[in-house]
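Down below is the structure, laid out as structure tokens.
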Amino acid sequence: MRRLLKYSFSALLALLLTIPVPAQSGPGAKLTLNTVVIDPGHGGKDVGCVSRDKKTYEKNITLDISRRLAGKISSAYPEVNVKMTRSDDRFVELENRAVFANKAGANLFISIHVNSVEKGTTANGYSVHCLGKSRNKDNDLYSKNLDLVKRENSVILLEDNYQATYQGFDPNDPQSSIIFNLMQNAHLSASLAFADDVARAMGNKPIKTNRGISQDPFWVLWRTAMPSVLIEVGFITNPDDLATMRSPEGRDAIATNIFNAFCAFKSRYDGTPEKAIDDKTEPEKVKEEARNDNPDSVTQEPKDVTAGVESENTDGIMYGVQILAIGKKMALDDPYFRGNNVMEIKSGKLYKYIAGCSPSVEKVKKSLPAFKKNFKDAYVVKIEDGNTIAVR
């Protein structure tokens, strides 16, 4: 217990004060789900779980599924601002994933991961996790998912100066998890409700086995100030699950399931009519197509990571720097734009204004610092079919 003395009340208070408190809605104000953050687990030097044949990395699977999910939400709900903690193969600190979601004012946080077990053991299926202690009173905080929680939190050890950032938290020490009990998740009920939506939508296709919903002490969920779930979409160490996740059709079916869960949650959240997709890919078909497909379809670094995701030179796809999103239409020669040529995109009730458009994402990223001098909130977006998706 002496280790817990590292967590002074002042340090805890400093941590908690970094989490923004959602503004209270006024009388008669309509609650809306207008921002969702999708978090592809791992990335860059953190490859995550690896298949037994060493050919497939978790970071690639999670990125592809997250991109597909983001595209489905943006297409069905253009009024929803869909953001990703990473949109390419880069390392993002665990702390910054939560901070990104908080700063975005997200109404929902979805973290996508892939599970694994040690050699010599077997397991399959998907699971959904919310923050907290196990609902089974006979289970302590780590009893059910000790290895999983330690592995997902262990990315902290790859970060520079992690001891200062995480106030002495040791992902390998179960005692450190007691810190999670010092803060109650104000969004637990909504998180559990969305977790149930995910489990119902996943069903038994294309991943057959539902391993259930559990509450566990994941750092990335603890620091988020909105309903949040972490989804382990399957086991990279299970041949059937792996075949599904290696198949573009399988990954798309998983993304569709999570999208359908989002539809159900949003309908309950703000009354928006559901736009679920009635498209369940048959597991046997997926596995057969995966065996006939290139087995390395999601393992190349990084250009072949996302089969079915368009490259930056595909016709109709552009990138640009979004410099303004506002509820009223503006003249394209308005002085606010400082002489920049801008593109206007109508998204729900918002008008988005984008400058520096190019088919090259690298070119646009290089131009971002210059735009930020005049537009401090500017960021890079992908433009496709009249919709925008943030690019990090």
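The values are calculated or read from the model by the stated rules, or taken from the named source; none is laboratory data. All of these numbers come straight from a predicted model, not from anything done at the bench. With ideal geometry, Cβ positions are generated from the backbone for all residues, glycine too; neighbour counts draw on all protein chains shown.
Below are the figures for this structure:
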item	result
Subset of the stretch 345-383 (residues that are in a strand (DSSP E or B) and of a type in the set (S, T, N, Q))	SER347, SER358
Residue match in the stretch 103-122 (condition: modelled with pLDDT of 85 or more, over 22 Å from ASN210 (Cβ atoms), in the same structural domain as ALA264 (by TED's automatic domain parsing) and crowded, with 21+ Cβ neighbours inside 10 Å)	yes
Selection count where residues are among the small types (Gly, Ala, Ser), out of contact with any strand residue (DSSP E or B) (no Cβ under 7 Å at 6 or more places or on another chain) and closer than 20 Å to ARG268 by Cβ, scope the stretch 74-109	1
Pair list, Cβ < 6 Å and 6+ apart or interchain, from the stretch 50-78 residues that are within 13 Å of ASP385 (Cβ to Cβ) to residues that are among the basic types (Lys, Arg) and surrounded by fewer than 24 Cβ atoms within 10 Å (Cβ to Cβ)	ALA76/LYS275
So LEU221, is it out of contact with any helix residue (DSSP H, G or I) (no Cβ under 7 Å at 6 or more places or on another chain) and either among the acidic types (Asp, Glu) or modelled with pLDDT of 95 or more (or both)	no
LEU31 vs. criteria under 22 Å from SER228 (Cα atoms) and at pLDDT below 90	yes
Residue check for ILE38: within 21 Å of GLN322 (Cβ to Cβ) and buried (at least 19 other Cβ atoms within 10 Å of the Cβ)	yes
